[in-house]
Amino acid sequence: MTADVLAEGLAMLERAGAEALAAPGPEAAMRALARGCFDLLGDRGAHLRPGALKPGERDYYIAGSFFLTPDGQYHMLVGNIGFPAEQERLMVPVDGGHPGWVFANRRKLLLENTDEHGSFRQYLKTSKMGSSIFAPILFRGEFHGMLIMAAQARYALRPVDLSILAACAQIAAGAWIAQGGPEWLAGIYPPANAFRVNREGVS
């Protein structure tokens with residue numbers, strides 16, 4: 001099964017990578033990559049396992065990217081799939097939660113069950129996610145941002161999904177620079193629709 005996912009992942013990377021490089025701008029490029037991950041990654045039967053969803057929760061996914069703001073204060077959401085409309089420009093403090101960990105460590109991260117991580121913070125307005133993956137976007141050693149994906153069902157995201165996300169982050173780095181991402185970000189920051197949260201997230 002892992003081999004099948006990897007084969008599908010390679011095809012997705014080829015397709016989404018081409019879309020990102022042909023996109024009309026950096027945000028469209030990041031959305032193309034996020035869409036590729038969103039459509040493919042995750043165990044889509046995970047929600048059927050006992051305990052995967054708590055009462056009132058539902059089976060859904062989100063994906064997108066966060067980029068370090070020019071002032072170094074926030075991770076700003078770019079090119080999201082599935083976030084609430086009012087959080088189009090979600091702004092997470094640079095040291096907040098697991099995005100902060102990825103920034104500090106420059107390493108990919110898998111949280112198969114967020115309930116097992118007391119430091120996990122809810123930044124999504126609608127609900128707490130049960131499983132999440134993160135992969136840093138680096139160019140010549142400089143941290144620019146990260147690709148992220150999350151599911152409400154626990155154990156929906158697996159090591160193979162993280163591997164594919166990390167490969168996608170390499171494409172994202174090249175596409176971000178080629179599409180003028182840093183200049184675009186400097187031009188729109190601070191965004192009028194900024195949705196700032198504190199380190200502790202949404203209660």
> For the chain, with the dipole built from +1 on Lys and Arg beta-carbon atoms and -1 on Asp and Glu ones, taken about the Cα centre, which of A167, Y60, F120 lies farthest toward the positive end?
Replying inline: F120
>> What does the net charge come to around F143 if you take all other residues with beta carbon closer than 12 Å to its beta carbon, with K and R at +1 and D and E at -1?
In response: +2
> Using only helices, what value at 222 nm comes out for the chain when you add -39,500 (n - 2.57) per DSSP H run of length 4 or more and divide by the total residues, to the nearest 500 deg cm²/dmol?
Replying inline: -11500 deg cm²/dmol
> If you take every DSSP beta bridge whose two residues both sit in the chain, what share of them, in percent to the nearest 5, is antiparallel?
Replying inline: 90 percent
> If we restrict to alpha carbons, what Rg and Dmax does the chain come to, in Å?
Replying inline: 15.8, 47
>> With the crude spin-label approximation of a point 7 Å out along Cα→Cβ, what separation in nm comes out for I81 versus D59?
In response: 1.7 nm
>> For the chain, set up a GNM with springs between Cα atoms under 10 Å and report which of G72, G118, G51 has the largest fluctuation.
In response: G118
> In square angstrom, rounded to the nearest 10, how much accessible surface does M149 have for a 1.4 Å probe?
Replying inline: 0 Å²
> Which whole-angstrom value gives the distance between the alpha carbon centres of the range 110-162 and the range 1-43?
Replying inline: 17 Å
> For the range 15-129, what does the alpha-carbon gyration tensor say about shape, rounded, prolate or oblate, given a ≥ b ≥ c as the root eigenvalues, a/c under 1.5 as rounded, and a/b over b/c as prolate?
Replying inline: oblate
> What are the ³J(HN,Hα) values, in whole Hz, obtained from phi via the Karplus relation 6.51 cos²θ - 1.76 cosθ + 1.60 with θ = phi - 60°, for each residue of the range 51-66 in sequence order, with x given for Gly and Pro?
Replying inline: x, 5, 10, 8, x, x, 8, 9, 7, 7, 10, 9, 8, x, 9, 10
>> Counting only other residues whose beta carbon sits under 10 Å from that of P190, what net charge do I get with K and R as +1, D and E as -1?
In response: +1
>> As an exercise, use a Förster radius of 30 Å and the Cβ-Cβ distance of L10 and I177 to find the FRET efficiency, rounded to the nearest 0.05.
In response: 0.85
> With Cβ to Cβ distances under 14 Å as the rule, what net charge do the other residues near G100 carry (K, R +1; D, E -1)?
Replying inline: +2
> Amide H to amide H under 5 Å from Y189: which residues, 5+ apart in sequence or cross-chain, H placed 1.01 Å off N in plane?
Replying inline: none
>> Would the range 1-58 count as rounded, prolate or oblate if I go by the C-alpha gyration tensor, calling it rounded below 1.5 in a/c and otherwise prolate when a/b exceeds b/c, oblate otherwise?
In response: oblate
> Where in the range 154-203 are there trypsin sites (Lys or Arg not before Pro) that are in a DSSP coil and have at most 14 other Cβ atoms within 10 angstrom of their Cβ?
Replying inline: R199
> Any idea of D71's accessible area? Nearest 10 Å², probe 1.4 Å.
Replying inline: 70 Å²
> Where in the chain are the helices, taken as whole DSSP H runs, whose Cα atoms extend 27 angstrom or more along the long axis and whose Kyte-Doolittle mean reaches at least 0.0?
Replying inline: 2-22, 159-178
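The values are calculated or read from the model by the stated rules, or taken from the named source; none is laboratory data. Please read all numbers here as calculations on a predicted model, not as lab measurements. For neighbour counting, all protein chains shown are included, and Cβ atoms are generated from backbone atoms with ideal geometry for every residue, glycine included. For the accessible areas, the whole protein counts, side chains as well, though only heavy atoms, and no ligand, DNA or RNA atoms are used. Shrake-Rupley method; radii C 1.70, N 1.55, O 1.52, S 1.80 Å.
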